[in-house]
Structures are given as C-alpha cells and as structure tokens.
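K.L.:
Mind having a look at this structure? Questions to follow.
The values are calculated or read from the model by the stated rules, or taken from the named source; none is laboratory data. What you are looking at is a predicted structure, and each value in this text was computed from that prediction instead of being measured. Heads up, the Cβs are rebuilt from the backbone with ideal geometry, glycines too, and the neighbour counts pull from every protein chain shown. Calculation scope for accessible area: heavy atoms of the full protein, side chains included, ligands and nucleic acids excluded. Shrake-Rupley method; radii C 1.70, N 1.55, O 1.52, S 1.80 Å.
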Amino acid sequence: MTTHRQPALVLVVGVAGSGKSTVGRLLAERLGWAYLEADEFHSAADRTKMAAGHPLTDSDRGPWLEAIAAWMEQAVTAGRKAVVACSALKRDYRDKLLAGRPDVLLVYLHGSRELLESRLAARDGHFFPADLLDSQLSVLQEPEPDEHPLVVEIDRSPEAVVTEVLSLMSGEAAVGVPSASGPTGASWRLVRGDQSAVVVQLGGALRDYAVNGRPLLDGFPRGSAITGGRGQLLVPWPNRVGDGRYRFDGRDLQLPLTEVEKGNAIHGLLRWVLWRPLARSDDSVSLGTTLCPQPGYPFLLDVRVEYRLGPEGLRVAVRATNTGTEPAPCGVGQHPYLTVGTDLVDDAVLTVPARHLLRTDDRGLPVGREPVDGTPYDFRAARPVGGLRLDTAFTGLDRPSDGHATVRLAHPSGRRGVDLWLGEGTRYVQVYTGDTLTEPERRRGLAVEPMSCPPDAFRSGTDLTVLRPGATHVLRWGLSPWGYS
C-alpha cells in the first residue's frame, strides 16, 4: 500500500452507477474542499447524444477532457483543493487529467455489473440511460498499479465508501496497529449489530466470527498459535504443489517443501507473514502485504484482503496484483473452519452444490475428476456428514442467478446454520473434516475452503490464473448466518 501525501486534488472515477457524483460531493464536504462534477462540462450535443442511447466517441470526449484538465490546472495553480468526479474510463483519459500533476490522487469506485445495473434501473430523470452501461464496461480500462489508485468497493452506503476513502488517504498512520500482540501479532475486532469478527496480523487470518455471541467459526483463541490452517489466506496457491516443483514460462522452479511428510509445498507463501493495516472502520478492516521474489517463486505480487460485516453477514475480498515485469502464476484461497455448535462435524447437516469431485492419491494430489453421482460425496441434497472422511475438492459448482454457489452447514435441528457463499474467482471448494488434526481439534469443525484453482494447479495448469504485469485477480467469498437472531 502506498501511503499518499495530502493531495491537492482527488479524482474520483468509475462507470455510470458507481456513485462517483454522490461520493465525490460527500468527500468534498468531509474534507471542506471544492467539488467539480465533470458531467457539467459536457456540451448540449453530448448530452443529447447520450440521452438518445448513443455512446460518445473519443473525438467527442476530447474537448470535454481538455476543459476538465484546464479547470484542474487552474485549481492547483490557485492553491484551491478540490474533488473532481469523472468517468475517465480509459487509461488515456486519465493520463490527460493526471499527467504532470503528481498531487492528484486517483480513487476508483468498483462494483459488480449486477449492482451497477440495479442502480441505473432505479435512477429517475438522469440523462444517461441504463442500457449505455454495456458501452461503458466494454471500454473500461481499470486503473493499473502504476497509477497508484485507491480502489474502493461500492456495495455499501456512500457514507461508508467515503469513510474508507478517507482512511486510505491517511494511510497506515490513520489506521494504526493495536499495541496488543502475541503469537499472531496484532488483532482487529469488527462489530456490526449482533455480529462480531476478529482478524489477526499474522497472515491476515480470520480468527473468529460470531452472531449473538455464538461462534460460527472453529477458530483459535486469543494468545494461541494458528493450527490446522485455521482462517488463513492461501496465496499464491491454495492446497498442494506436488514435490514443490513446477515449470513456468520455460523455467523449472522449486518451492520449499512445507508438507514434508508427503513431499508437497502447501498453502502458499504468506501464511506466516505479518500483514500491514490499510484501512479500518467499526465493521471493516483492510490488510495488505508484498510477496517479494524468492526461491521457487521469482515474482512480485501486491496482495490485499478486506473483511467487512454487512446486513447479510461477513464479506471477504482478496486481491492479488502482479506488480512485477513478467507474467506470474497465481492461485488464491482461504481456510475457514465452520461450526454450528455440535461437538463433532458428524452430526452437522451439509450441502455442497457441486457436480464433480477430484479423486486424489495418498499425497492429496488429484488423479482424476468424476461426477459425484452415485458416490458417498454427493451432498447436493442436504444430509449429515456422518463418519465420512472428507479432504475433497469439489467443482462444477451450481450458481443461481446471483452468481454465488452456496455451501450450507446446518444444525441437526434444522433451525440454524451458516452459508458459505462462493463468489467471483472461486471455481473450486475444498471440504475437510479434520481427520488428520490432533485431539481435541479432530473433526471439531468443517473446513470449507474457497479456491480459485484445484490442488497441484502449478504443475497441471488446470484453471491456473496467469497474471500479466499490472493485472489483478480477485476472489470473493462470505458467510451468511441464519436462525441466530
């Protein structure tokens, strides 16, 4: 995370429906600065063209961008601080506004297509018709790392978005690191209504999540070390790499063997690193770290995670950006253990909406993919876990219209439980009953691990993300409790 100096101007960018005008105005009010709405510089002809459903061309936008840039230059020269809201969809547009102005800070408002569509559909009287969203998304070039953007999600109130922007503008000094430490470093407690969560500095791990004081994660106590991968972030690969050896871009690479007894490299390289805080509010925290080039992984990644409590539960977003100069292999996952209050997972009722599973050898490496039909691993219909031993990767996930696949763990009574939803970037989910853990942790919680790729993807290449320089991979998942009010 770059700690920014106090800027002279803030440029808020995003597609239609991202709320840049509302956020820009609120941000200007909170800072006590002037506010400029870039739409005010559109000519009458431009407005008529857009209202008729025709996207503007680069030649249309040229005079518009020049007028905005001139206003910004005058403001900087006069020492007048301001917030400017402008779509600036292409890198070339932003370069025209930012070139030669190092004191302008770029804020990018990011939201899913579904959220943007719903917001545009609810607009009344705006000159920009909702069906022009396609044209904006088709030309959108998201800000790259060398533009030093502050990237903020919009799926919350404008006031909350502005609070995060201000926190990120202040950098680490505003966030602070709690003085309390221990085997997992500092920790942050998030609270929203009857929900609470705890995130720790070591590995950016999720230690605890509870509703009305009832734990929904089988985490680890304060002052204890992390065991069994509990709540850990798995970057730049989840699960295993057989022999720790793989070939990428013409090079043979050797990772450290961290599952020595099976001859594997397991769960990435960032589990035992202290992450730094980036932004903090009562119900959210963002952490980040840099994965530097090292033996076996000679690539450079900027990795960030945001945990946020919302009305429907806990939301997690993990971003890995290639800040190096060459393509990099990348996989992302996380390792939470769920509980619904049973002594053992045997009694809990499980649903996994997956059509296929990966068969593995005695080292936990895939040897084939097959349908779950007719196997003991078919959990598409809810049923108790029983005595089944699971350390199984599932794929072919069924996703309804919201795009989320949902793994459900329910109490035997059927009256309460927790849903773990798998969003953007999640193609696989590993389910583990903890049979290889030591007592008393064995089979106490059920690990449900969102993953972007399968085990051994560095060797097989199956669904492995290759990040070009400047590209970002995003993985989203979350927890939605039910029956605990």
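K.L.:
Take Gly17 and decide whether it is at pLDDT below 90 and in contact with a helix residue (DSSP H, G or I) (Cβ under 7 Å, 6 or more places away or on another chain).
P.N.:
In short, yes.
K.L.:
Residues that are surrounded by 17 or more Cβ atoms within 10 Å (Cβ to Cβ): which strands (runs of 3 or more DSSP E) entirely in segment 366-435 hold 2 or more of them?
P.N.:
The qualifying strands (runs of 3 or more DSSP E) are 391-397, 405-410, 417-422, 428-432.
K.L.:
Something else: Mind counting the residues in segment 26-43 that are farther than 23 Å from Val139 by Cβ, in a helix (DSSP H, G or I) and open to solvent by 30 Å² or more (accessible area, probe 1.4 Å)?
P.N.:
4
K.L.:
Right, Leu115: surrounded by 19 or more Cβ atoms within 10 Å (Cβ to Cβ) and not acidic (Asp, Glu) or not?
P.N.:
Against the criterion (surrounded by 19 or more Cβ atoms within 10 Å (Cβ to Cβ) and not acidic (Asp, Glu)), Leu115 does not qualify.
K.L.:
Return the residue satisfying two criteria in turn: it lies in segment 323-343 and is of a type in the set (Val, Ile, Thr) and closer than 18 Å to Asp218 by Cβ, and of such residues it is surrounded by the most Cβ atoms within 10 Å (Cβ to Cβ).
P.N.:
Val340
K.L.:
Here's something else I'd like to know. Which condition does Cys453 not pass, out of (1) in contact with an Asp or Glu (Cβ under 7 Å, 6 or more places away or on another chain); (2) at pLDDT 95 or above; (3) surrounded by fewer than 24 Cβ atoms within 10 Å (Cβ to Cβ), if it passes all the others?
P.N.:
For Cys453, the exception is condition (3).
K.L.:
Sticking with this structure for a sec: Pairs needed: first member in segment 51-80, without any contact (Cβ under 8 Å) to a residue 60 or more places away in the chain and under 16 Å from Gly100 (Cβ atoms); second member anywhere, basic (Lys, Arg) and surrounded by 15 or more Cβ atoms within 10 Å (Cβ to Cβ); C-beta distance under 9 Å; at least 6 residues apart or different chains.
P.N.:
Leu65/Lys96; Glu66/Lys96; Ile68/Lys96; Ala69/Lys96; Ala69/Arg101; Glu73/Arg101
K.L.:
I'd like to verify a number: residues in segment 78-91 that are within 27 Å of the chain's Cα centre (by Cα) and either surrounded by 16 or more Cβ atoms within 10 Å (Cβ to Cβ) or among the acidic types (Asp, Glu) (or both), how many?
P.N.:
The number of residues fulfilling the criteria is 7.
K.L.:
Still on this structure, please answer the following. Among the candidates Tyr246, Tyr209, which residue alone is open to solvent by less than 20 Å² (accessible area, probe 1.4 Å), under 22 Å from Leu409 (Cα atoms), modelled with pLDDT of 95 or more and among the hydroxyl-bearing types (Ser, Thr, Tyr)?
P.N.:
Tyr209
K.L.:
Report, ordered by the first and then the second residue, all pairs with beta carbons closer than 9 Å, sequence separation of six or more or different chains, a first member in segment 418-436 that is touching a residue at least 24 places away in the same chain (Cβ under 8 Å), and a second member that is in a loop (DSSP other than H, G, I, E, B) and acidic (Asp, Glu).
P.N.:
Note: pairs meeting the criteria are Trp421/Asp402; Gly423/Asp402; Arg427/Asp463; Tyr428/Asp463; Gly434/Asp218; Gly434/Glu441.
K.L.:
Just checking, how many residues over segment 446-485 are charged (D, E, K, R) and farther than 30 Å from Gly414 by Cβ?
P.N.:
Looking only at that region, the number is 4.
K.L.:
Right, here's the next one. Pro366 - would you say it is over 24 Å from Val345 (Cα atoms), in contact (Cβ under 8 Å) with a residue 24 or more places away in the chain, of a type outside the set (S, T, N, Q) and in contact with a strand residue (DSSP E or B) (Cβ under 8 Å, 6 or more places away or on another chain)?
P.N.:
Spelling it out, Pro366 is indeed over 24 Å from Val345 (Cα atoms), in contact (Cβ under 8 Å) with a residue 24 or more places away in the chain, of a type outside the set (S, T, N, Q) and in contact with a strand residue (DSSP E or B) (Cβ under 8 Å, 6 or more places away or on another chain).
K.L.:
Out of (1) under 30 Å from Arg476 (Cβ atoms); (2) in contact with a Gly (Cβ under 8 Å, 6 or more places away or on another chain); (3) surrounded by 13 or more Cβ atoms within 10 Å (Cβ to Cβ), what's the single condition that is false for Leu98?
P.N.:
Checking Leu98 against (1) under 30 Å from Arg476 (Cβ atoms); (2) in contact with a Gly (Cβ under 8 Å, 6 or more places away or on another chain); (3) surrounded by 13 or more Cβ atoms within 10 Å (Cβ to Cβ), the one that fails is (2).
K.L.:
Does segment 64-87 contain any residue that is at pLDDT 90 or above and within 16 Å of Gln141 (Cα to Cα)?
P.N.:
yes
K.L.:
How many residues does segment 101-112 hold that are out of contact with any Pro (no Cβ under 7 Å at 6 or more places or on another chain) and open to solvent by 10 Å² or more (accessible area, probe 1.4 Å)?
P.N.:
Number satisfying all stated conditions: 5.
Yes or no, residue by residue, for (1) touching an Asp or Glu at 6+ places or on another chain (Cβ under 9 Å); (2) in contact (Cβ under 8 Å) with a residue 12 or more places away in the chain; (3) within 15 Å of Gly231 (Cα to Cα); (4) open to solvent by 70 Å² or more (accessible area, probe 1.4 Å):
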| site | (1), (2), (3), (4) |
| --- | --- |
| Gln254 | yes, yes, no, yes |
| Leu257 | yes, yes, no, yes |
| His267 | yes, yes, yes, no |
| Ser284 | yes, yes, no, no |
| Tyr297 | no, yes, no, no |
| Val318 | yes, yes, yes, no |
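K.L.:
Just one of (1) out of contact with any Lys or Arg (no Cβ under 6 Å at 6 or more places or on another chain); (2) open to solvent by less than 20 Å² (accessible area, probe 1.4 Å) trips up Arg468, so point out which.
P.N.:
With (1) out of contact with any Lys or Arg (no Cβ under 6 Å at 6 or more places or on another chain); (2) open to solvent by less than 20 Å² (accessible area, probe 1.4 Å) applied to Arg468, the lone miss is (2).
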